[in-house]
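Working notes, structure below.
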Amino acid sequence: MDVTVSPSNVAGQAQAPPSKSYTHRAILAAGYADNTIVENPLWSADTKATARAVEAFGGDIKKEESKLYIDGFDGSPDVPEDVINCENSGTTIRLTAACASLANGITVLTGDQSLRSRPQGPLLSAIRQLGGAAESTRNNGQAPLVIEGPIEGGDVAIPGDVSSQFITALLMAGPVTDSGINITLETELKSAPYVDITREVLEVFDISTNETDEGYAVAGEQEYTPTDGTYNVPGDFSSTSYLLAAGALAAPEGLTVNNAVPSAQGDTAIVDILANMGAELRWDKDAGQIDIRRSDLKGVTVSVEDTPDLLPTIAVLGAVADGTTRITNCKHVRYKETDRVSAMATALSKLGAEVTEHEAELVIDGDETSLQGATVDGQADHRVIMSLTLAGLVAEGDTTVRNADHVDVSYPGFFDTMKQLGATIRD
């Protein structure tokens with residue numbers, strides 16, 4: 001599906017969708033548990049992949065309205081009867097690879113073409129260090145993956161600058177091993193807030209973890225027991241970033257975003273980033289409500305070391321702002337659904353932005369930029385697609401974003417929400 005966006009203003013109220021990151025972790029945590037109700041989950045292409053994986057390991061999931069009723073495998077995953085297809089979800093394949101290492105047999109995990117190009121080598125090495133067998137069928141550290149367990153736990157050393165999801169996977173598997181898992185980080189941890197999210201979810205499930213001088217540790221022989229048998233998923237600040245950016249770019253009468261409750265999400269940083277760029281906004285944290293309106297923005301320097309998913313949003317804001325916007329520490333953003341650094345540089349350049357791409361930095365010169373409508377490729381990446389849609393709100397003339405249906409990965413209702421707010425979008 002392609003969508004065409006015409007210059008338009010937005011106004012009114014929007015509800016931040018449930019968090020994809022929390023939903024992934026809640027579904028798998030419920031799988032490790034016995035019986036859990038997950039309330040207000042994000043039911044998207046990615047989180048459905050994690051749900052199918054939990055069922056492959058012996059769990060059972062029923063969805064009724066805004067709740068998931070999950071009968072888990074109680075810490076002992078079965079050997080799946082078939083290959084687990086993780087589709088386009090990097091979170092799914094990484095978290096379930098560690099889960100597979102607990103099963104007494106062989107599990108095969110794969111995904112679509114994009115997922116099969118993403119690095120998994122450090123996690124495979126970690127599983128081997130813990131006594132399991134873990135291989136890439138093509139010997140390149142990429143899916144398809146073959147995992148054989150069971151592991152009993154132990155000590156593991158792993159780099160922290162490839163993906164925080166590796167650490168999350170080990171922290172979630174460790175509690176149901178005999179010995180627990182002690183994780184030594186060989187390099188600085190990137191995207192650290194995502195590990196904080198994991199630990200926050202685990203705490204609700206009565207799992208204790210510790211941050212150590214070397215990295216993290218989780219004791220074995222623990223049981224996943226959710227408080228009151230339920231887990232409520234908070235709003236997603238990665239997705240909220242698009243709504244807030246739409247307000248700062250195209251809401252002269254103001255826009256209100258609800259369900260913006262503070263949490264461990266690193267992407268809450270978008271509020272401070274917008275404020276530093278000069279956006280007029282107010283965040284009532286108790287009410288979970290952010291009010292924002294169209295503002296004269298100025299360029300800033302922003303590190304996305306811990307907030308990689310914000311790069312596409314910041315890049316579009318920088319293209320409209322006065323002055324220069326530098327997005328630094330972004331090398332790891334090249335290993336997402338697509339190379340988001342290159343994807344945004346290419347698309348924004350086609351729209352008339354002055355963009356300079358470096359290995360770990362993206363520079364946008366707003367003073368030399370005048371966005372003009374064009375046809376751009378969303379690269380089958382939900383975050384690129386949504387960000388380019390924002391650019392279309394303020395570009396002169398129509399902007400067509402190709403392959404736009406991939407928003408269903410994290411925000412299935414994105415285009416409907418934007419239309420309800422007043423955006424002119426045709427598919």
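Values in this text are rule-based calculations from the coordinates and carry no lab data. In this text, all values refer to a predicted model and were calculated from it rather than measured experimentally. Virtual Cβ from ideal backbone geometry, glycine too; neighbours counted across all protein chains shown.
Observations on the model:
- Working from Cα pairs under 8 Å separated by at least six residues, relative contact order for segment 1-129 is 21 percent.
- Sequence-separation-based contact order of segment 1-74, relative, with Cα cut under 8 Å and 6+ spacing, percent: 34 percent
- Note on Ala157 and Arg138: their simple-model spin labels are 2.9 nm apart, each label 7 Å out from Cα toward Cβ.
- Ranked Glu39, Glu337, criterion: other C-beta atoms within 10 Å, fewest first: Glu39, Glu337
- Extending 7 Å from Cα along the Cβ direction at Arg282 and again at Lys62 yields two label points whose distance is 4.6 nm.
- Student exercise, segment 204-304 dipole from Lys, Arg, Asp, Glu Cβ charges, in Debye to nearest 20: 720 debye
- About the centre of its Cα atoms, segment 70-172 shows a dipole size close to 460 debye [charges on the beta carbon of Lys, Arg (+1) and Asp, Glu (-1) only; nearest 20 debye].
- Dipole of segment 257-358, positive end: most advanced residue of Ala345, Ile292, Ser263 [Cβ charges, Cα centre]: Ala345
- The count of lysine pairs in the chain whose Cα atoms are under 13 Å apart, excluding pairs fewer than 8 places apart on the same chain, comes to 4.
- Tilt relative to the chain, helix 192-204 - C-alpha long axis, 0 to 90 degrees, to 10: 50 degrees
- Dipole in debye (nearest 20) - segment 280-379, about Cα centre, beta carbon charges: Lys, Arg +1; Asp, Glu -1: 160 debye
- Considering only Val162, Gly220, Val204, and ranking their Cα positions along the charge dipole of the chain that arises from unit charges at the beta-carbon of Lys, Arg, Asp and Glu, the one farthest toward the positive end is Val162.
- Residue exposure proxy: Lys62, Lys285, Lys48, ordered by other Cβ atoms within 10 angstrom of their Cβ from fewest to most, comes out as Lys62, Lys285, Lys48.
- Estimated Rh, the chain: Kirkwood, alpha-carbon pairs, angstrom: 21.7 Å
- By DSSP, the beta bridges lying fully in the chain are antiparallel in about 70 percent of cases.
- Take the Cα of Lys350, step 7 Å toward its Cβ, do the same at Gln420, and the gap between the two points is 3.0 nm.
- Residue exposure proxy: Phe166, Phe205, ordered by other Cβ atoms within 10 angstrom of their Cβ from fewest to most, comes out as Phe205, Phe166.
- Helix-only [θ]222 nm of the chain, DSSP H runs n ≥ 4, -39500 (n - 2.57) each, per residue, nearest 500: -9000 deg cm²/dmol
- Contour minus Cα-Cα distance for Thr230 and Asp322 (0.36 nm per residue): 28.4 nm
- Calculated FRET value between Glu396 and Asp272, using beta carbons and R₀ = 35 Å, to 0.05: 0.70
- Subtracting the Cα-Cα distance of Asp206 and Ala192 from 0.36 nm times their residue separation leaves 2.9 nm of extension gain.
- Translational D in µm²/s for segment 37-155 (Stokes-Einstein at 37 °C, 0.692 mPa s, Kirkwood Rh from C-alpha pairs): 227 µm²/s
- The listed peptides 23-35, 218-230, ordered by packing as a protection proxy, come out as 23-35, 218-230 (highest mean of other Cβ atoms within 10 Å first).
- Summing +1 for each Lys or Arg and -1 for each Asp or Glu among the other residues whose beta-carbon sits under 14 angstrom from that of Ala98 gives +1.
- Per residue, the average separation of C-alpha pairs within less than 8 Å and at least 6 apart gives the chain a relative contact order of 19 percent.
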